[in-house]
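No value in this document is a laboratory result; all are computed from the given coordinates. Fair warning: this is a prediction, and the values are worked out from it, not measured in the lab. So basically every Cβ, Gly included, is an ideal-geometry build from the backbone, and we count neighbours across all protein chains shown.
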Amino acid sequence: MPTRSEAYHDHEAPAYDAKYDESPFFIKVYEPVTWDNILRFLPPLPARVLDAGGGTGRWTVMLAQMGYEVTLTDISQGMLDVARAKIEAAGLSDRVTLLRQDIRDMSALAAHCFDLVLAEGDPVSYCEDHAAAIRELARVARTGAHVSVSADSRVAALFNLNELDFDTAEVTLRTGQMKWRGGEEELVYPIHAFTIPELAGLFEANGLRVVRVLGKPVFLNRLQPEVRDKIVADEEMTRRLVELECRYGDDPGWAGSGGHIEVTGVKIW
């Protein structure tokens, strides 16, 4: 029986990339900030990278084009099918391995075998057992390798306050449980939203020393909608905003205010 997340992503897979490619905020701000963080922790070539919960292969393609040997895992066969087509079209099949794996149990992967481990796009928030996911991500990393995880931030409670739903906001703030709406659907799949200490604590408990905590984005979502639109319509203003996001997103005073948080740690045991 597939999980709700698996069923949802199987259904969304054919149109998944288009949804993000058509979002100027994702393409022009969120993606460059994420890529900036990935670049900071890339191991020297040759190296093996795990893109866990990597979906349609957005980061896998970019890393394989740089010469890395990438293993892309995802729970959704639909997402993997889209990724396979992109990888084949780019002529990267010799550098990429695709595996259908649940991030909570990647038993097909040996321990201590990757030089960099990524979990972008919030699969740890969606998997229904985030502690097991972090444990697996740490297990497959080599000692000295970096593990980087992006997850939904608990400031998502603000969405509920914007709708004057104080009861749901309090549940999110207290437990991390999010009520995600999609069209007329009340809850497409369960989401766990993290605080920085919670996610960082899971890293430390699994032998990962935290080296960077990043909010994504920390400024964009605080701007008035009409101001955001003006910025992303102007190349120079967008460049300056992304520069600010990359420079200040890991400042402790700002990191927790991002709609997403990204924690990167180095495996020490």
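Peptide packing: for 251-260, 114-123, 213-222, the average count of neighbouring Cβ atoms within 10 Å per residue gives the ranking 114-123, 213-222, 251-260, highest mean first.
For the range 1-92, what is the charge dipole size about the Cα centre, in debye to the nearest 20, if Lys and Arg each add +1 at the Cβ and Asp and Glu each add -1 at the Cβ? About 240 debye. Our estimate of slack between GLU235 and CYS113, defined as 0.36 nm per intervening residue step minus the Cα-Cα distance, is 39.9 nm. Extension gain for the segment ILE268 to ARG174, taken as residue separation times 0.36 nm less the Cα-Cα distance, is 30.7 nm to one decimal. Extension gain, GLU163 to GLU22, is 48.2 nm, computed as 0.36 nm per intervening residue step minus the present C-alpha separation. The magnitude of the dipole of the chain, with charges of +1 and -1 set on the Cβ of Lys/Arg and Asp/Glu and taken from the Cα centre, is near 920 debye. Here the alpha carbons of the chain define both size measures, Rg and Dmax, at 17.9, 52 Å. Toward the positive end of the charge dipole of the chain, with +1 on the Cβ of Lys and Arg and -1 on the Cβ of Asp and Glu, the farthest Cα among ALA193, SER23, VAL147 is that of VAL147.
For the cross-link pairs LYS19/LYS267; LYS19/LYS216; LYS19/LYS230, the ones whose C-alpha atoms lie over 30 Å apart are LYS19/LYS267.
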